[in-house]
Amino acid sequence: MDLFATFASAVGHSLPAGVAEDSYALQRVFKENAPSPRTSIVHNTFTNIYAVRHKDWVLIAHKTGAHTQVPGWLNTEHGYVEHNHAGELYDLRNDLEQKHNLYGSNPSMVRELTALLESIRAKGQVR
């Protein structure tokens, strides 16, 4: 998603207004190890199933973010547990493997990220 602005900037081209509005130029991130200008991104891999990554958090606005059914033993072996929540919420700073679903225990973050996801989707963009 950020390739358009990054490549345009790399060759010294300014993008016209309204073009690639959801793309950031990332040269400074690569060249200078600068922080990314992107703090949020929406993932949409299935029709009407979305997730949002914002800073250190990820909200999957669906019962699961899994693409395919895996054998039960695989989830058990890797420490993943089933849940009864409407979605999934993970603190990636402390749980990069996304094993500890905080959806039920952190409703304020669920509300915050749900509102952010709806706002971004209403604009028709990924950021």
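The values are calculated or read from the model by the stated rules, or taken from the named source; none is laboratory data. Quantities reported herein were computed from a predicted structural model and do not represent experimental measurements. When we count neighbours, we look across all protein chains shown, and the Cβ atoms used for this are built from the backbone with ideal geometry, even at glycine.
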Point to revise | Search result, residues across the range 94-124 that are in a helix (DSSP H, G or I) and not charged (D, E, K, R) | key: 107, 108, 109, 110, 113, 114, 115, 116, 117, 119, 120, 122
Check your understanding: Given 10, 34, 5, which one is of a type in the set (Gly, Ala, Ser), within 27 Å of residue 122 (Cβ to Cβ) and without any contact (Cβ under 8 Å) to a residue 60 or more places away in the chain?
Key -> 5
Revision key, fill the gap. Among residues of the range 44-93 being in a loop (DSSP other than H, G, I, E, B) and β-branched (Val, Ile, Thr), the residue nearest to residue 124 (Cα to Cα) is 47
Review point. Do we find that residue 85 is surrounded by 13 or more Cβ atoms within 10 Å (Cβ to Cβ), modelled with pLDDT of 80 or more, more than 30 Å from residue 7 (Cα to Cα) and in contact with a Lys or Arg (Cβ under 9 Å, 6 or more places away or on another chain) in this structure?
Key: yes
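Please count how many residues of the range 4-52 are among the aliphatic types (A, V, I, L, M) and surrounded by fewer than 12 Cβ atoms within 10 Å (Cβ to Cβ).
4
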